[in-house]
Structure formats: C-alpha cells, structure tokens
Amino acid sequence: MWNHRIVRTIDEYECFELAEVFYDTENKPYAYGEASIIGSNMDEIRQQIDMFDFALTKPILNYPDDFTGNVNI
C-alpha cells in the first residue's frame, strides 16, 4: 500500500517533501520516493492532485524516525 504524505528530513537543513510513502504489512511506513503527477487523462491528473491535497491533512512523517526501513526510493 502507498499514499502521498509530507515527509520531514533533517540533514544539513530541515526539509519538507511531498512524497509517495510505502507501507509494510503492519501499515507502518518503510520507504518513500519522489512524488510526481502522471496520468493518461485529465481525470487521472485531478485524482493525483486530490491525493496531494489529502496529504496536507495527515500528520507529517519524520524520516528516519517514523519509518521501519532505511530506504529512500
């Protein structure tokens, strides 16, 4: 399972990223990757934008603390 979420990372500086987050079988985040808007028609593009908007209503995930894996895909 996956969805879009805001992921916070801190290296040299703090960064917030809209990302695709992937979950393990216990529904815990284990990896994330770059989010993009891709669709074969405008309805699919709108659906992606709606998913981005929904991500803003969810709690921010902190990487790596909130993830079970050490994978950034």
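The values are calculated or read from the model by the stated rules, or taken from the named source; none is laboratory data. None of these values were measured; they are calculated from a predicted model. Reconstructed Cβ throughout: ideal geometry from the backbone, glycine too, with neighbour counts over all protein chains shown. Ligands, DNA and RNA are excluded from the accessible area calculation, which covers all protein heavy atoms including side chains. Shrake-Rupley method; radii C 1.70, N 1.55, O 1.52, S 1.80 Å.
Structural remarks
- Meets criteria (charged (D, E, K, R) and farther than 14 Å from M1 by Cβ) for D24: no
- Set side by side, the residues G33, G39 differ, and just one is in a loop (DSSP other than H, G, I, E, B), among the small types (G, A, S) and modelled with pLDDT under 95, which is G39.
- Counting only residues that are outside any loop (DSSP other than H, G, I, E, B), more than 10 Å from the chain's Cα centre (by Cα) and not aromatic (F, W, Y), the stretch 9-22 holds 4 of them.
- Taking the criterion of being free of Cβ contacts under 8 Å to residues at least 12 places away in the same chain and either open to solvent by less than 60 Å² (accessible area, probe 1.4 Å) or more than 19 Å from M1 (Cβ to Cβ) (or both), the residues of the stretch 54-73 that qualify are P64, D65, N70.
- Scanning the stretch 23-46 for residues that are of a type in the set (G, A, S), surrounded by 14 or more Cβ atoms within 10 Å (Cβ to Cβ) and more than 8 Å from the chain's Cα centre (by Cα) yields a count of 1.
- Residue in the stretch 11-22 that is most open to solvent (accessible area, probe 1.4 Å), counting only those that are free of Cβ contacts under 8 Å to residues at least 40 places away in the same chain and either among the small types (G, A, S) or within 16 Å of D65 (Cβ to Cβ) (or both): D11
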